[in-house]
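Asks: To start, I am sharing the structure in question, which I have written as structure tokens.
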Amino acid sequence: MIIFGINAVGEALRAGRVLSLHVGARKDRRIEELLAQARGRDVRVERVDTVMLDRMAGGGRHQGVVGTVQVPPARALEDLIDREQPSLIVVLDGIEDPQNVGAILRTVDAAGGRGLVRQLRRAAPLGGAAAKASAGAVAHVPVADVVNIARALQELKQLGLWIVGLEGRATTPYDVVDLTQPTALVLGSERRGMRRLVREQCDYVVSIPMSGQVESLNVSVAAGVVLFEAHRQRRRQGTAPVPAARKAR
């Protein structure tokens with residue numbers, strides 16, 4: 001799998017997933033840091049020209065570096081369950097834009113989420129654009145691919161999670177729901193929202209009250225609002241995950 005961009009490649013290096021690195025003529029501190037990381041992990045580095053980088057990145061903004069990485073290991077729904085703290089998972093119902101998927105992955109990581117669930121069919125690829133939009137979070141957030149979202153929600157319920165769907169026309173505000181409990185947040189596509197069978201599996205369907213002229217937020221922005229409300233509630237309760245850097249202090 002090909003990824004590109006300094007942050008995406010750097011995080012993949014940290015995660016030990018990079019097989020080879022392709023670097024252009026650009027020289028700056030961040031590129032040199034990537035090269036040092038690659039040498040420390042015995043990752044093969046190849047110097048190539050900009051034309052080759054452009055071709056490998058499919059025209060994406062690669063910032064002078066492209067990485068070939070291992071495909072993330074397949075995850076089961078059970079792998080996303082946190083055994084020590086209330087799980088927080090995001091479920092994507094038909095979101096196909098890799099930029100949105102990448103931005104959601106970045107927020108899942110930042111808000112202490114445990115993982116992401118997506119349907120195999122019509123899913124945005126997790127390489128390239130999604131990895132860059134995620135600022136490298138794709139290397140750290142476990143992703144479970146499922147055949148059927150509605151059935152996956154049933155399984156998550158059996159695993160002890162409450163299902164919260166986000167929909168613009170819902171009458172329940174997102175911040176009145178208890179998000180300190182084990183929660184799966186379901187996000188539908190911007191074009192059609194959640195599908196009926198998926199909506200029927202939700203324990204709560206909530207919305208973000210809008211005060212301006214626009215009717216809704218971009219799905220990745222809406223995900224951030226609700227995920228950080230969950231994070232706020234969990235911090236207040238004392239169940240929000242502590243970053244690894246803080247644990248080490």
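Asks: What number comes out for accessible area per residue over the range 125-182 if the probe is 1.4 Å? Units Å², please.
Replies: Numbers: 2400 Å² over 58 residues.
Each residue of the range 125-182 exposes 41 Å² on average to a 1.4 Å probe.
Asks: Moving on to the next point. Residues of the range 1-54: accessible area per residue at 1.4 Å, in Å²?
Replies: Details: 2960 Å² over 54 residues.
Counting only protein heavy atoms, the per-residue value for the range 1-54 is 55 Å².
Asks: Would you grab the residues whose amide H sits under 5 Å from the one on T183? Only those 5+ places off in sequence or on another chain, please, with H modelled 1.01 Å from N.
Replies: Amide H neighbours of T183: S87, L88, I89, W162.
Asks: Next question, about the same structure. For the chain, with all protein chains present and a 1.4 Å probe, just round the carbon and sulfur fraction of the accessible area to a whole percent. Can you show the working numbers first?
Replies: Numbers: 6080 of 12780 Å².
Reported share for carbon and sulfur atoms: 48 percent.
Asks: May I pose another question? If one takes the longest principal axis of the Cα atoms in the chain, at what angle in degrees, from 0 to 90 and to the nearest 10, does the Cα axis of helix 149-158 lie?
Replies: 70
Asks: Show the residues, 5+ positions off or on another chain, whose built amide H is closer than 5 Å to the amide H of V205.
Replies: G165
Asks: Additional query: Sorted from largest down, give the three principal axis spans of the alpha carbons of the chain, whole angstrom values.
Replies: 55, 42, 36
Asks: While we're looking at this one, here's another question. Roughly what would the spin-label model give for E155 and I81, points 7 Å off Cα along C-beta, in nm?
Replies: 1.2
Asks: Also, quick follow-up: Hey, in the GNM for the chain with a 10 angstrom Cα cutoff, which one of I149, I95, I31 fluctuates hardest?
Replies: Highest fluctuation among the options: I31.
Asks: Moving on. Loop-only GluC sites (Glu not before Pro) in the range 48-102, please: DSSP not H, G, I, E or B, and at most 16 other Cβ atoms within 10 Å. Intermediate values should be presented prior to the final figure.
Replies: Working: sites: E78, E84, E96; in loops: E84, E96.
The qualifying sites are E84, E96.
Asks: Something else about it: From the residues A133, A8, V214, which one has its Cα farthest along the dipole of the chain in the positive direction, the dipole being from +1 and -1 charges on Cβ of Lys/Arg and Asp/Glu about the Cα centre?
Replies: So the residue furthest toward the plus end is A8.
Asks: What 222 nm value per residue comes from the helices of the chain, counting each DSSP H run with n ≥ 4 as -39,500 (n - 2.57) and dividing by all residues, nearest 500 deg cm²/dmol? Show your work: numbers first, answer last.
Replies: On the way: 9 runs with 84 residues, N = 249.
Value at 222 nm, helices only, nearest 500: -9500 deg cm²/dmol.
Asks: Something else now. Around M56, under 12 Å between beta carbons, what's the net of Lys plus Arg minus Asp minus Glu among the other residues?
Replies: Values: positive: R55; negative: E46, D49, D54.
Surrounding charge for M56 is -2.
Asks: Please report the net charge: other residues with Cβ closer than 10 Å to the Cβ of A123, K and R +1, D and E -1. Kindly include the intermediate steps, with their values, before the conclusion.
Replies: Values: positive: R118, R121, R122; negative: E96, D145.
Counting the neighbours of A123, the net charge comes to +1.
Asks: What does the charge count around R195 come to, taking other residues whose C-beta lies under 15 Å from its C-beta (Lys +1, Arg +1, Asp -1, Glu -1)? Don't jump to the answer; show the numbers that get you there.
Replies: Numbers: positive: R118, R121, R122, R151, R169, R191, R192, R196, R199; negative: D93, E96, E167, E190, E200.
Overall, the nearby charge balance is +4.
Asks: Would you kindly find the accessible area of H140, with a 1.4 Å probe and non-protein molecules such as ligands, DNA and RNA excluded, rounding to the nearest 10 Å²?
Replies: The accessible area comes out at roughly 80 Å².
The values are calculated or read from the model by the stated rules, or taken from the named source; none is laboratory data. Here the structure is a predicted model, which means the values were calculated and not measured. Virtual Cβ from ideal backbone geometry, glycine too; neighbours counted across all protein chains shown. For accessibility, only protein heavy atoms count, side chains too; no ligands or nucleic acids. Shrake-Rupley method; radii C 1.70, N 1.55, O 1.52, S 1.80 Å.
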